[in-house]
Structures are given as C-alpha cells and as structure tokens.
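Asks: After the structure tokens below, expect a handful of questions from me.
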Amino acid sequence: MNCERVEQLIRELLIEIGEDPNREGLLATPQRAAKSWKFLTSGYSANIDDIINNAVFTQEMNNMVIVRDIELYSMCEHHMLPFYGRCHIGYIPREGRILGVSKLARVVDVYSRRLQLQERLTEQIAKCVRDTIQPEGVGVIIEAHHLCMMMRGVEKQNSMMTTSAVLGSFRKEEATRNEFLALINRPLNK
C-alpha cells in the first residue's frame, strides 16, 4: 500500500466532507488513517503459507477438533464499514494431520483483514483448512455484527448475521454436522 497516496486521499476526503484538514485535531489524521488502513487491509499482502509456517503436525486421532469464539474484525466491501464477531472452526483430521491451534486464528485474521463479504470470508477459511491439512471434513461458522446495518441504512442495532461453510464429512454426514453444531453451542466452562 502506498501510504503517502492514501494520506493524500484522506486529506482530500476531509475537504470533500466539509472539514479543514489543517485544524489542530485533524493535522495528523491522514497519517493515522493511512496507518490504520494499512493494518486493516494487511490480509492482501499476507502469504498464507508463511502464516501457517509448516505448523502441520501428526497426531494419531480421528476425533473432531474445534476452536470456538475466535474474534474477528473485518471491513464490509460494500460500505467500507467494520463488521465484527466470532468464528468457530471444526475439522476431523485425516491420517492424523492437525494444524497448530494458533494458526487457525491467524488464518481467520489473514482473510478478515481485507475488504470482505461475510459469506466469502466463511468459505475462504474453510477452504484454507481443507487445502492445508486435507481433513475428512471442515465446518466454519461466523456470527457477526455489521456496522453498515447498525449505524446507517436500516439501523438495526441487535442484528447478527450467521454464515456457515461445511465441507467433506461435515456436509455429507448429518451426525457429524450436528455434533459440530452441538459442541460450538455448548455453554462456556466457568
């Protein structure tokens, strides 16, 4: 990303909306906003292979592995406003191939830090897990609040969007899919 060009565009935007980019509170805003956009869209420059960094291990098992409540923050590609929520990922290893648990959260971050649709984001995460470890099946569910629905347009403050992607045995076998759904909806242990 060309930060200098983004700073210039932010300065022009401030002028277009009727602000004075030279007033005290806005003097450093173009630089801060450019730095923020660089972080918020860092998924475009990330290489998923570098993120996973060979964190594929072998552990003899064929039971379901689930990571729940992975926080995610992304930007809606339609209005460039944030959406945020949580992602649940489950898979059943094939030939004992498992993925380091922190790598699942990093995969969510890579794809979230792009202009996104929640539907696409859910699919991208599921396909990445599938392509990385070739499990028997993968399930991904995202629940998110969209500021484009909350602070503009229909202004529905309590709306939440839920999307799912199920591949392999999670799609083909109802019992597997139901086990995944039951486990991610289990109350947190306190």
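Asks: Could you check the stretch 75-96 and list, in sequence order, the residues that are open to solvent by 20 Å² or more (accessible area, probe 1.4 Å) and hydroxyl-bearing (S, T, Y)?
Replies: Scanning the stretch 75-96 gives a single hit, Y84.
Asks: Here's something else I'd like to know. Please go through the stretch 22-65 and give me each residue that is more than 14 Å from V108 (Cα to Cα) and of a type in the set (A, V, I, L, M), ordered by number.
Replies: Within the stretch 22-65, L26, L27, A28, A33, A34, A55, V56, M61, M64, V65 qualify.
Asks: Any idea which of L72, L99, L14 is open to solvent by less than 30 Å² (accessible area, probe 1.4 Å) and touching a Phe, Trp or Tyr at 6+ places or on another chain (Cβ under 7 Å)?
Replies: Just one listed residue meets the conditions, L72.
Asks: Here's a check for you: in the stretch 102-120, which residue that is within 15 Å of Y84 (Cα to Cα) and of a type in the set (S, T, Y) is surrounded by the fewest Cβ atoms within 10 Å (Cβ to Cβ)?
Replies: Within the stretch 102-120, the subset within 15 Å of Y84 (Cα to Cα) is 105, 108-120.
So of that shortlist, the ones also of a type in the set (S, T, Y) come out as 111-112.
Numbers: Y111: 23, S112: 27.
Checked the stretch 102-120; the qualifying residue surrounded by the fewest Cβ atoms within 10 Å (Cβ to Cβ) is Y111.
Asks: List every residue pair whose Cβ atoms sit under 7 Å apart, with the two residues 6 or more apart in sequence or on different chains, where the first one lies in the stretch 60-78 and is basic (K, R) and the second, anywhere, is assigned to a strand (DSSP E or B) and open to solvent by less than 50 Å² (accessible area, probe 1.4 Å).
Replies: So the pair list comes out as R68/H88.
Asks: Let me ask something else about it. Name the residues in the stretch 131-175 that are modelled with pLDDT of 95 or more and of a type in the set (S, T, Y), would you?
Replies: Listed by number, the residues that qualify are T132, T162, T163, S164, S169.
Asks: Related question: Looking only at helices (runs of 4 or more DSSP H) that lie completely in the stretch 122-190, which have at least 3 residues being open to solvent by 30 Å² or more (accessible area, probe 1.4 Å) and more than 27 Å from N54 (Cα to Cα)?
Replies: Numbers: elements: 147-150, 169-172, 174-184.
Counting at least 3 such residues, we get 174-184.
Asks: Can you work out which of the residues in the stretch 27-37 that are in contact (Cβ under 8 Å) with a residue 12 or more places away in the chain and surrounded by fewer than 16 Cβ atoms within 10 Å (Cβ to Cβ) is nearest to the chain's Cα centre (by Cα)? So that I can check it myself, show each step before the final result.
Replies: Going residue by residue through the stretch 27-37, those that are in contact (Cβ under 8 Å) with a residue 12 or more places away in the chain are 29-31, 33-35, 37.
Checking the rest, the ones that are also surrounded by fewer than 16 Cβ atoms within 10 Å (Cβ to Cβ) come to 31, 35.
Values: Q31: 25, K35: 20 Å.
Filtering first and then ranking leaves K35.
Residue-wise test of (1) farther than 27 Å from L167 by Cα; (2) in contact with a Leu (Cβ under 9 Å, 6 or more places away or on another chain).
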| residue | (1), (2) |
| --- | --- |
| E4 | yes, no |
| I15 | yes, no |
| D20 | yes, yes |
| R23 | yes, no |
| S36 | yes, no |
| T58 | no, no |
| V65 | no, yes |
| M75 | no, yes |
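The values are calculated or read from the model by the stated rules, or taken from the named source; none is laboratory data. Because the structure is predicted, anything quoted here is derived from the model rather than measured. Using ideal geometry, Cβ is built from the backbone for each residue, glycine included, and neighbour counts are taken over all protein chains shown. Ligands, DNA and RNA are excluded from the accessible area calculation, which covers all protein heavy atoms including side chains. Shrake-Rupley method; radii C 1.70, N 1.55, O 1.52, S 1.80 Å.
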